[in-house]
Amino acid sequence: MIDIHCHLLPGVDDGPKEIEQSLVMIAQGVKDGISAIVATPHILGPLDDDEFPELCQQKLEELRKRLDEQGVNLRLFLGSEIFFQFSLASICRRRLGTLAGNGKYPLIEFPLNSLPHRFEEELFRLQLSGFMPIIAHPERNMMLARDVKKLFELSRRGILFQVNARSLTGGHRKAAKKVAERLVAEGAAQFVASDAHNSVSRPLTLSQARRAVEKLVGAETAEELFYLNPQRAIQGENISSLYY
Ligand SMILES: [Fe+2]
């Protein structure tokens, strides 16, 4: 499996503080059957300079070195989770702006309890700039969870959705589980990811969610959501939404 949403780099956001904790998370993920991870630190502001991307790159290199020394077989990439703001395209063009730096797939999150005014226009502007936005855990946004029709409308316009593994296994609110299952069952979700922050309360595991998805839609679709689409996102290849 490939995890495209994970707070793994030490000391850069609300993920692990020390590299040792990152290594524990990785060991947990490898044991769970994860073979590649995109580290996606939070980008909360406009990313005015190169300081943060450079810090993240440096942490990633340190982690890769430690994995090499330990003989851990894991592919590690860099991306980000961008908190919704206007002028997204200028952030997406920067280092860290897209998953694995391929210039195609930015991962974007909304606030949990509200939706920014005219957010759709900003997403479509992003598409016109050549990006394929992936919305992180839409099922966790209270407004979108109440308005599933809106999610399908967005999907029909080519917006991609990443559902959290924990939503499917009941770790988030009940409403989130329902919406996540519906997105998966009706083909509007393209990815399931861990959104891991540590090894205990928000762990780096996907296999339990994979079993839930297999039960819901079968093994073939599960392979798309947990491996094939994440691999396409890393390589910058096309991914089908309800629109495409
Ligand atoms: Fe996240």
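Scanning region 211-218 finds no residues that are touching a Pro at 6+ places or on another chain (Cβ under 9 Å) and buried (at least 21 other Cβ atoms within 10 Å of the Cβ).
Across region 3-35, the number of residues qualifying as within 16 Å of Thr205 (Cβ to Cβ) and assigned to a helix (DSSP H, G or I) comes to 12.
Of all residues in region 173-201, those that are within 18 Å of the chain's Cα centre (by Cα) and without any contact (Cβ under 8 Å) to a residue 60 or more places away in the chain total 13. Residue pairs whose Cβ atoms lie under 8 Å apart, sitting 6 or more positions apart in sequence or on different chains, and linking a residue in region 223-234 that is at positive phi to a partner that is among the hydroxyl-bearing types (Ser, Thr, Tyr) and at pLDDT 95 or above, do not occur here.
Selection of helices (runs of 4 or more DSSP H) fully inside region 43-144 by the criterion of at least 3 residues being open to solvent by 70 Å² or more (accessible area, probe 1.4 Å) and under 24 Å from Gly236 (Cβ atoms) returns 51-70.
Taking residues in region 80-105 that are on the phi > 0 side of the Ramachandran plot and at pLDDT 95 or above, and partners anywhere that are of a type in the set (Lys, Arg) and not in a helix (DSSP H, G or I), the pairs with Cβ atoms closer than 7 Å and at least 6 places apart or on different chains are Gly101/Arg95.
Got a number for residues in region 1-42 being more than 11 Å from the ligand (Cβ to nearest atom), over 18 Å from Arg64 (Cα atoms) and either buried (at least 19 other Cβ atoms within 10 Å of the Cβ) or more than 18 Å from the chain's Cα centre (by Cα) (or both)? Final tally of qualifying residues: 1.
The values are calculated or read from the model by the stated rules, or taken from the named source; none is laboratory data. Because the structure is predicted, anything quoted here is derived from the model rather than measured. Glycine gets a Cβ as well: all are built from the backbone with ideal geometry, and neighbour counts include every protein chain shown. Only protein heavy atoms, including side chains, enter the accessible area calculation; ligands, DNA and RNA are left aside. Shrake-Rupley method; radii C 1.70, N 1.55, O 1.52, S 1.80 Å.
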